[in-house]
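J.: Pasting a structure below so you can have a look.
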Amino acid sequence: MAITGATGFIGRHVISILLNQGYQVFVIGRSAPASDSRVTFIEVDLLKEKKHQWISEYQPSHLLHLAWYAEHGKYWTSPLNLNWCDATVQLIHAFVEQGGERVVVAGSCAEYDWSFGYCHEEKTPSHPTTLYGVAKDCARRLAEQICAMKGVSLAWGRIFMPFGLGESPQRLIPSIIQAFLGLRPPFAIEIYQWRDILPVEVVADGLIFLINQQDSGIFNICSGRPIQLSEVIQKIGKILDQDPNFLLSRGHFSNKANSFLVGSNGSIVEKGWYPEYCLETSLEKYINVLSYIN
C-alpha cells in the first residue's frame, strides 16, 4: 500500500488505522511521519518527480493519494492547484503503467455545483466555481481515462467537511472552540447555514474502505445528515458548560446559494460502509484534547 499525504490532516489518521490493521505501508512524500518501524518512507517530491521509478522498485499494489495543497484560506484560489493537478495525473499514470492494481484518491465536495445544495454523485453536476475545485475535478477526469485504458479500478472519494485533531486552528470548529475557551474574540458566523460535517477518523475509515473495494466511480465520504451551524455552536457550548448566546447573537443570515450543502453517501453505503459515530461524543473528545493542549 502506497500513500501520499500521510502527514496531513486526514493522512495521519489513515496511517494510524492502516498500521493497526496490519497493512504494509509505503509513505511517499517529502517528509516522513512519526518514526514507526512498520512504515517504509520513500522520499519523493511529487511536484517534481515524473517517472516515479520507486513504484517498480517497491511494487505496491494499491495507491491512496491524499496529497494536495491545503493551506487554510489560500488553497481555494492558489495557482498551486494547477501543479497538484499535474502531479496527481503524473503519479497515477506512472502507477498504472508500472503494474498498480487499485487507485483511491481524495477528491472534494468543492467539485460539485453547490447551488444544488444536495450533492449526489450521479445527479449533481460537477461544476466547481473555485480553482481548487476545478483542479480536483480536472485531475479526476484525466485519472479516470488513464485508469480505464489500463483496466485499473479508480475510486474517487469526495470528502465533505471533516473536523478533528490535526486540522488548522483557523478552521470553523476549532475557531468556535477557541472562542468558547477565551483564546480568540467572538466572531460572526452564518449560523443558519446547513453543512455536512464528519469526524476526520470516520473520513479516514471511509477512504480505507474504498481501498478494499474493486468498484470504480465517485463516492461521497460524508455523513448524509445536514446540521445547522447554530446547532453545532449549541452542542459545543453544552460540552463546555457555557452559554452559546455570545456567539449565536453575532450570527447572521446569508442568502448565498451555498447556505445548504450536504452529500448523499448512498454509493459507498451500498458497498457496505456506514459512518458510525456520535457527533456529540466526537466533539467532546476533540474538545478535551484541545483543552488539554491549550
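Laboratory data are not the source of any read-out in this text; all were calculated from the coordinates shown. Note that the coordinates shown come from a computational prediction; the quantities given were computed from them, not determined experimentally. Don't worry about glycine lacking a Cβ; one is built from the backbone with ideal geometry, like all the others, and counts go over all protein chains shown.
J.: For residues in the stretch 196-230 being part of a helix (DSSP H, G or I) and among the small types (Gly, Ala, Ser), which is nearest to Asn20 (Cα to Cα)?
T.: Ala204
J.: Filter the stretch 112-143 for residues that are surrounded by fewer than 18 Cβ atoms within 10 Å (Cβ to Cβ), among the charged types (D, E, K, R) and farther than 17 Å from Trp76 by Cβ and give the result.
T.: Listed by number, the residues that qualify are Glu122, Lys123, Arg141.
J.: Residue under question is Ile173, and the condition is that it be surrounded by 21 or more Cβ atoms within 10 Å (Cβ to Cβ) and not in a helix (DSSP H, G or I); does it hold?
T.: Considered against the rule, which asks whether it is surrounded by 21 or more Cβ atoms within 10 Å (Cβ to Cβ) and not in a helix (DSSP H, G or I), Ile173 comes out as no.
J.: Please count how many residues of the stretch 204-217 are of a type in the set (Val, Ile, Thr) and either closer than 16 Å to Thr281 by Cα or touching a Phe, Trp or Tyr at 6+ places or on another chain (Cβ under 8 Å) (or both).
T.: 0
J.: Does the stretch 33-57 hold any residues that are more than 18 Å from Val89 (Cα to Cα), surrounded by 13 or more Cβ atoms within 10 Å (Cβ to Cβ) and more than 20 Å from the chain's Cα centre (by Cα), and which are they?
T.: Asp36, Val39, Thr40, Phe41, Ile42
J.: Another question, then. Restricting attention to the stretch 180-202, and to residues there that are over 25 Å from the mean Cα position of the chain (by Cα) and not aromatic (Phe, Trp, Tyr), which single residue is surrounded by the fewest Cβ atoms within 10 Å (Cβ to Cβ)?
T.: Pro185
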